[in-house]
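The values are calculated or read from the model by the stated rules, or taken from the named source; none is laboratory data. Predicted model only: the values in this text are computed from it and were never measured. Cβ placement follows ideal geometry from the backbone for every residue including glycine, while neighbour counts extend to all protein chains displayed. Note: accessible area is taken over every heavy atom of the protein model, side chains too, but ligands, DNA and RNA are not part of it. Shrake-Rupley method; radii C 1.70, N 1.55, O 1.52, S 1.80 Å.
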Amino acid sequence: MAVYEGARPRSILLPRRPRVAEGPALERRRIRGAFRAGRRTNRLGLVLGAIVVAFMLAFFSLAQQVRVSATGLDIGRLELERQRLDDTAADVRSDLDRLGREPAIRKQGIDAGLDQLSDPLILPAR
């Protein structure tokens with residue numbers, strides 16, 4: 001077997017390309033220097049970085065929404081508790097107003113066994 005300089009091994013999988021007739025040569029495309037030197041820009045790292053940033057922003061947004069929801073829930077609970085306390089205070093005020101009037105006091109005294117006072121006793125001075 002003869003070995004020629006610049007010969008390449010033949011690929012088994014790909015069929016052989018037919019040779020084009022020698023004609024006017026087309027200009028070759030210029031290859032960038034970074035590509036020729038094997039220093040291609042790695043876009044995979046940039047894409048992965050963008051995905052990580054997007055997930056971080058999404059989680060931050062979700063955390064803020066959960067915090068706002070929890071705060072809204074606390075505010076609603078506190079408003080209900082305040083309304084209950086206001087209702088209780090109004091009931092106590094109503095009871096005090098009702099019980100503080102003269103007929104209520106007289107009735108409580110009679111129920112306790114107290115009677116109206118007799119004429120006052122006047123004691124002579126010594």
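Restricting attention to region 93-110 and to residues that are among the small types (Gly, Ala, Ser) and exposed (fewer than 11 other Cβ atoms within 10 Å of the Cβ), the residue that is modelled with the highest pLDDT turns out to be SER94. For beta carbons closer than 8 Å, sequence separation of 6+ or different chains, a first residue in region 92-106 that is part of a helix (DSSP H, G or I) and a second that is open to solvent by 90 Å² or more (accessible area, probe 1.4 Å), the qualifying pairs are LEU99/ILE105; LEU99/GLN108; ALA104/ARG98.
Tell me the residue from GLY72, GLY49, GLY76, GLY113 that is open to solvent by less than 100 Å² (accessible area, probe 1.4 Å), outside any helix (DSSP H, G or I) and free of Cβ contacts under 8 Å to residues at least 12 places away in the same chain, please. Walk me through it before giving the result.
Values: GLY72 fails: outside any helix (DSSP H, G or I); GLY49 fails: outside any helix (DSSP H, G or I); GLY76 fails: outside any helix (DSSP H, G or I).
Being open to solvent by less than 100 Å² (accessible area, probe 1.4 Å), outside any helix (DSSP H, G or I) and free of Cβ contacts under 8 Å to residues at least 12 places away in the same chain holds for just one of GLY72, GLY49, GLY76, GLY113, which is GLY113.
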